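Novice: Sharing a structure with you now.
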Amino acid sequence: MSRVTLDARRLLCPMPVIRVQDKIATLAPGTVLEAICTDPGVMSDIPAWCRINGHKVIETRSDRAEYIVVIEVGEGE
Amino acid sequence: MTEQRKAVALISGGLDSLLAAKVIQEQGIHVEGINFYTGFCVEGHTHAIRKKDQKKSKRNNALWVAEQLGIKLHIVDIVEEYKDIVFNPKHGYGANLNPCLDCKIFMVSKALDWIRKKGFDFIITGEVIGQRPMSQRKETMPVVSGESGAEDLLLRPLCAKNLPQTLPEREGWVARGGLYDFSGRSRKPQMALAAKFGFEDYAQPAGGCCFLTDAQYSVKLADLWRARGSKQYEMDDIMLLKVGRHLRPAPHYKVIIAREEGEGNFLQGYRKQFVSIKTISHAGPLALIDGEPGAADIELAARLVARYSQGRDADLVELEVMDREGTSRTLKVEPIKPHEIPQEWHI
């Protein structure tokens with residue numbers, strides 16, 4: 001299973017969500033995407049976006065001022 | 001078997017777009033949502049920046065609406081393209097720097113491009129005749145559908161019965177009898193429809209969800225344009241207009257002073273792009289200087305920062321001034337007295 005990292009630090013919502021959305025559009029189902037963000041809003045927004053668009057959040061964690069959301073890309077379209 | 005028709009709904013996150021999409025879903029149409037990010041959206045940003053707001057639960061209303069409806073939501077970044085709408089609105093500004101009619105036309109035209117690319121059949125908006133004084137009037141409805149190029153592919157389910165039939169109605173994809181005839185500024189019909197559908201916890205934006213409708217924000221943006229001699233902005237500019245106390249002692253520079261810790265942390269990220277000032281001898285805010293300040297300007301800016309620090313009543317306050325290259329020096333200044341700050345410096 002391939003793993004990809006996305007740097008969305010210093011972006012405020014919804015930009016991290018848009019970056020995740022655009023990145024996922026280029027990834028195959030099953031790929032794991034780790035989004036590293038600094039806006040705490042991503043902890044609710046990215047999982048919400050994933051729920052409605054068919055992707056799975058595997059993990060969310062915060063590390064000092066960073067918020068990390070790990071996603072398994074679903075079938076999408 | 002009849003082909004299931006597909007519509008894209010412009011989802012702002014407010015009640016009207018929620019209801020419009022739901023009305024069409026109820027007619028068996030496959031609906032997906034589209035949300036355009038202009039950079040000026042109010043919700044979230046001040047929340048993310050200000051420390052006192054970070055503890056409050058926060059949601060993105062467009063995503064919340066999509067979840068309530070069980071539809072996909074496509075969020076589209078239009079920050080760059082949108083600048084032309086803000087700079088040169090063909091139909092002018094509203095009460096502030098809000099180009100609402102041009103904005104609506106632009107978003108519908110973007111939605112039209114999207115449905116053509118994705119093979120969808122028509123577009124839904126939550127517009128209601130008379131709901132907004134600039135962009136949602138009887139006369140502007142055909143302007144939006146005409147100038148966007150959407151024409152009769154644009155269906156407004158909440159007020160469709162007050163408007164000519166659209167293609168989805170004529171083709172029988174949507175029954176006109178299942179649409180509504182809302183008009184005016186009253187929210188009661190929408191609230192009643194929300195209750196009928198079982199929606200309770202919907203967003204109640206007052207005057208829309210765009211910073212450009214905010215008088216104070218518009219004053220700051222107009223000041224920025226005046227200072228630069230032309231209408232222009234970058235994403236960082238529009239973010240910084242949302243943060244801190246802005247004072248312009250002279251046309252060639254202004255001082256942005258954090259009002260609390262969260263704003264200070266946010267401004268910290270801009271220290272390589274601006275001259276910055278931070279108090280050393282007393283607790284105090286971080287400030288940025290936007291423009292090209294000379295030595296005397298920096299000293300005056302330091303006196304202003306000292307004024308908003310814990311040392312405001314001290315004889316002298318020591319501060320660190322850092323240039324864009326990261327070179328710092330210290331400065332001792334007398335905090336400026338409140339009566340020495342002309343009201344017109346406050347933007």
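The values are calculated or read from the model by the stated rules, or taken from the named source; none is laboratory data. If you're wondering where the values come from, they're calculated on a predicted model, not measured in any experiment. Glycine gets a Cβ as well: all are built from the backbone with ideal geometry, and neighbour counts include every protein chain shown.
Novice: Looking at the range A:47-57, can you tell me whether even one residue there is among the β-branched types (Val, Ile, Thr) and in contact (Cβ under 8 Å) with a residue 24 or more places away in the chain? Steps first, answer last, please.
Specialist: As a first pass, look at the range A:47-57 and keep what is among the β-branched types (Val, Ile, Thr): A:52, A:57.
With the extra rule that they be in contact (Cβ under 8 Å) with a residue 24 or more places away in the chain, the set shrinks to none.
Within the range A:47-57, not a single residue is among the β-branched types (Val, Ile, Thr) and in contact (Cβ under 8 Å) with a residue 24 or more places away in the chain.
Novice: If I ask for residues that are in a loop (DSSP other than H, G, I, E, B) and either touching a Phe, Trp or Tyr at 6+ places or on another chain (Cβ under 7 Å) or outside the structural domain of B:Ile105 (by TED's automatic domain parsing) (or both), which ones from the range B:137-165 would you list?
Specialist: Matches in the range B:137-165: B:Pro157, B:Leu158, B:Cys159.
Novice: Looking at B:Cys100 and the list (1) touching a Gly at 6+ places or on another chain (Cβ under 7 Å); (2) over 25 Å from B:Ser186 (Cα atoms); (3) of a type in the set (A, V, I, L, M, F, W, C), which single condition is not satisfied?
Specialist: (2)
Novice: Could you look through the range B:249-273, keep only residues that are surrounded by 21 or more Cβ atoms within 10 Å (Cβ to Cβ) and of a type in the set (A, V, I, L, M, F, W, C), and pick out the one that is farthest from the other protein chains (Cβ to nearest Cβ)?
Specialist: Filtering the range B:249-273 for residues that are surrounded by 21 or more Cβ atoms within 10 Å (Cβ to Cβ) and of a type in the set (A, V, I, L, M, F, W, C), the one farthest from the other protein chains (Cβ to nearest Cβ) comes out as B:Val255.
Novice: Scanning for something assigned by TED's automatic domain parsing to the domain that holds B:Ala21, part of a helix (DSSP H, G or I) and crowded, with 20+ Cβ neighbours inside 10 Å, does the range B:119-136 turn up at least one residue? Step through it out loud before you land on a result.
Specialist: Start the filter on the range B:119-136 by keeping residues that are assigned by TED's automatic domain parsing to the domain that holds B:Ala21, which leaves B:119-136.
This time we only want the ones that are part of a helix (DSSP H, G or I), so: none.
For the range B:119-136, residues assigned by TED's automatic domain parsing to the domain that holds B:Ala21, part of a helix (DSSP H, G or I) and crowded, with 20+ Cβ neighbours inside 10 Å: absent.
Novice: Can I ask one more? Being of a type in the set (S, T, N, Q), more than 7 Å from chain A (Cβ to nearest Cβ) and touching a helix residue (DSSP H, G or I) at 6+ places or on another chain (Cβ under 7 Å) is the filter here; which residues of the range B:59-85 pass it? Steps first, please.
Specialist: Kept after step one, since they are of a type in the set (S, T, N, Q), are these residues of the range B:59-85: B:60-61, B:68.
Subsequent filtering for residues that are more than 7 Å from chain A (Cβ to nearest Cβ) retains B:61, B:68.
Scanning the range B:59-85 gives a single hit, B:Gln68.
Novice: Sort out which residues of the range A:18-41 are in contact (Cβ under 8 Å) with a residue 40 or more places away in the chain, over 9 Å from the mean Cα position of the chain (by Cα) and more than 14 Å from chain B (Cβ to nearest Cβ), and write them in order of number.
Specialist: A:Leu27, A:Ala28, A:Pro29, A:Gly30, A:Thr31, A:Val32
Novice: Which residue pairs have Cβ atoms closer than 6 Å, lie 6 or more positions apart in sequence or on different chains, and pair a first residue in the range B:61-72 that is β-branched (Val, Ile, Thr) with a second residue that is surrounded by 20 or more Cβ atoms within 10 Å (Cβ to Cβ)?
Specialist: B:Val65/B:Ile11; B:Val65/B:Gly13; B:Val65/B:Leu18; B:Ile71/B:Val31; B:Ile71/B:Glu32; B:Ile71/B:Gly33
Novice: For the range A:42-50, indicate whether the set of residues that are facing another protein chain (nearest Cβ under 10 Å), of a type in the set (Phe, Trp, Tyr) and buried (at least 17 other Cβ atoms within 10 Å of the Cβ) is non-empty.
Specialist: Looking through the range A:42-50, at least one residue is facing another protein chain (nearest Cβ under 10 Å), of a type in the set (Phe, Trp, Tyr) and buried (at least 17 other Cβ atoms within 10 Å of the Cβ).
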